[in-house]
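For reference, the structure discussed in these notes is given below.
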Amino acid sequence: MSITREFTKGLWEILPPFRLVLGLCPTLAVTTSAENGMGMGLATTFVLVCSNLLVSLLRKIIPSKVRIAAYVVIIASFVVIVELMMQAYAFPLYQALGIFIPLIVVNCIILGRAEAFAGKNGPVASIADGLGVGIGFTISLAVLGAFRELIGSGTVWGNSVFWESFEPFTFMVRAPGAFVALGLFLAAINLISSKLDDRKRRAQS
Amino acid sequence: MSFGDYMLFIVSAILVNNILLAKFLGNCPFLGVSKRMDTATGMSMAVIFVMVMAGMITWLVQYYILVPLNIEYLQTIAFILVIAALVQLVEIVMAKSLPALYRALGIFLPLITTNCAVLGVAIININEEFDFVDTLVFSLASAVGYSLALILFAGIRERFMLTKMPKAFQGTSIGLVVAGFLALAFSGFSGLVGGH
């Protein structure tokens, strides 16, 4: 498969968290606004690309019996780097995301890509894969965050957009709304992809 | 803390600030193993066991190794290694000494390493500056809350097999919507603790 293909599959085919239902905890927790969702997505992308690269470079050295432990250490090291960098340069975002920054370590998307892709493929393809999946994840989180922010607090990127007497539907920014919003998004994506599959099949026949 | 304070603390961790439904920790296994009641119970037992052990050990690691050596920034790496090693150790010991329990929990133990609820509770214990007894109580109460939500959810999800629903909603999608209503039900308990 070509490099572009490795990149673009992360944007639709295995788009996390919708097509590839992994990494739900950060998805549910930080998408109260578009800004938080995007920050989380970018932090995850950085860790994902770096860990994919390192895992791919070391894939012939790491013995397969202890590979999961080795991957976890690699991922954890990059998470610490992100954590310290965010403390230094993006402190408000660091506070908003809170406990979910150290928890990037146990985001199953990253370990999943290391195990399913980077451990078997070369460094360039692994970077493309990491970037694709990471950017797909970032876009998903930003869109979900924007949706919840618009309905739940009546704002877009922190700017109020509705008329003055608009009463925001605060259910959406609270915990139960996170589950319901993600469930509805997942259903929408299922619907779109089954429609697309139908069309493809009809075009072929 | 007095006895009453502890009760409040426990009720809050189990019901009001439920780790799964209010703090969003450990959601991947929550959706993964909740399709059947027996897997949900197995996972719950494994989580209770590992979360309490991990809570205690990471607390000791933090205050007797990381803080004296001034390397708190390594917390994330140290904790995940402790949890991974602990899970492995529990697996080996259990296979040798408690084969019946091992057979029941077997496949769920390795999954727990990447259950963010375990690492999450370990980090919350440190962030909230709990002492050792608080850590023990909080870890246990959180794990019980996790199990309660997981088993209730599995009970609801088993009914889906008999239900007709739009194709797009089948599987995880309807699961998430129902989890949202479960979260809504749990948030109804917030009056119990007050001030939330």
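In degrees from 0 to 90, rounded to the nearest 10, what is the angle of the helix B:37-61 Cα long axis to the longest principal axis of chain B?
The answer is roughly 20 degrees.
For the protein assembly as shown, just say rounded, prolate or oblate: build the C-alpha gyration tensor, square-root its eigenvalues into a ≥ b ≥ c, call rounded for a/c under 1.5, and beyond that prolate if a/b exceeds b/c, oblate if not.
rounded
Just grab the label-to-label distance for B:Glu129 and A:Ile151, each label 7 Å out from Cα along the Cβ direction, in nm (one decimal).
Label-label distance for B:Glu129 and A:Ile151, simple model: 4.0 nm.
How much area per residue is accessible in chain A when the probe is 1.4 Å and only protein heavy atoms are counted (Å²)?
Counting only protein heavy atoms, the per-residue value for chain A is 47 Å².
Within the accessible area of region B:13-193, what % is carbon and sulfur when the probe is 1.4 Å and the other protein chains stay in place?
Summing carbon and sulfur atoms, their accessible area is 69 percent of the total for region B:13-193.
Using helices alone, I'd like the mean residue ellipticity at 222 nm for the protein assembly as shown: each DSSP H run of four-plus residues gives -39500 (n - 2.57), total over residue count, nearest 500.
It comes out at -22000 deg cm²/dmol, rounded to the nearest 500.
Working with all protein chains in place, sort B:Tyr6, A:Tyr89, B:Tyr73, B:Tyr64 by solvent-accessible area computed with a 1.4 Å probe, largest first.
Result, largest first: A:Tyr89, B:Tyr64, B:Tyr73, B:Tyr6.
With angles folded into 0 to 90 degrees, how steeply does helix A:34-57 sit against the dominant principal axis of chain A? Use alpha carbons for both and round to 10.
Compared with the principal axis, the helix lies near 10 degrees.
With a 1.4 Å probe, how much accessible area is buried between chains A and B, both sides summed, in Å² to the nearest hundred?
2900
With each pseudo-label sitting 7 Å past Cα toward Cβ, what's the A:Glu164-B:Leu162 distance in nm, one decimal?
Inter-label distance under the simple model: 5.5 nm.
Report the Cα centroid-to-centroid distance between region B:6-32 and region B:142-170 in angstrom, as an integer.
16
Per residue in region A:102-141, which ones lose no less than 20 Å² of accessible surface when going from chain alone to all protein chains (1.4 Å probe)?
Relative to the lone chain, where solvent access is computed with a 1.4 Å probe, region A:102-141 loses at least 20 Å² at A:Pro102, A:Leu103, A:Val105, A:Val106, A:Cys108, A:Leu111.
Got a sec? What order do A:Trp163, A:Trp157 fall in by accessible area at 1.4 Å, biggest, i.e. largest, first?
A:Trp163, A:Trp157
Working from Cα positions, state the angle (0 to 90°, nearest 10) between the long axis of helix A:175-204 and the longest principal axis of chain A.
The answer is roughly 70 degrees.
Indicate the residues belonging to region B:22-56 that lose 40 Å² or more of solvent-accessible heavy-atom surface (probe 1.4 Å) upon moving from the chain alone to the assembly of all protein chains, ignoring ligands and nucleic acids.
Buried on complex formation: B:Phe24, B:Asn27, B:Cys28.
Using the Cα centre of the protein assembly as shown as the reference point, and only Cβ charges (+1 on K/R, -1 on D/E), how large is the resulting charge dipole? Debye, rounded to the nearest 20.
Once rounded to the nearest 20, the dipole reads 1880 debye.
Positive end of the charge dipole of the protein assembly as shown (Lys, Arg +1 and Asp, Glu -1 on Cβ, about the Cα centre): tell me which of A:Pro168, A:Val106, B:Ile123 has its Cα farthest that way.
A:Val106
Tally Lys/Arg at +1 and Asp/Glu at -1 over every other residue whose Cβ is under 14 Å from the Cβ of B:Thr39; what's the total?
Residues near B:Thr39 contribute +2 overall.
Could you work out, residue by residue across A:190-198, how many beta carbons of other chains sit within 10 Å of that residue's beta carbon, and then give the average as an integer?
Taking all residues of A:190-198 together, the mean is 2.
Of the cross-linked pairs A:Lys200/B:Lys164; A:Lys195/B:Lys167; A:Lys9/B:Lys35; B:Lys35/B:Lys164, which ones have a Cα-Cα span greater than 18 Å in the structure shown?
Long pairs (Cα-Cα over 18 Å): A:Lys200/B:Lys164; A:Lys9/B:Lys35.
The values are calculated or read from the model by the stated rules, or taken from the named source; none is laboratory data. Here the structure is a predicted model, which means the values were calculated and not measured. Cβ sites come from the backbone with ideal geometry, for glycine too, and all protein chains shown count toward neighbours. Accessible surface areas use protein heavy atoms only, side chains included; no ligands, DNA or RNA. Shrake-Rupley method; radii C 1.70, N 1.55, O 1.52, S 1.80 Å.
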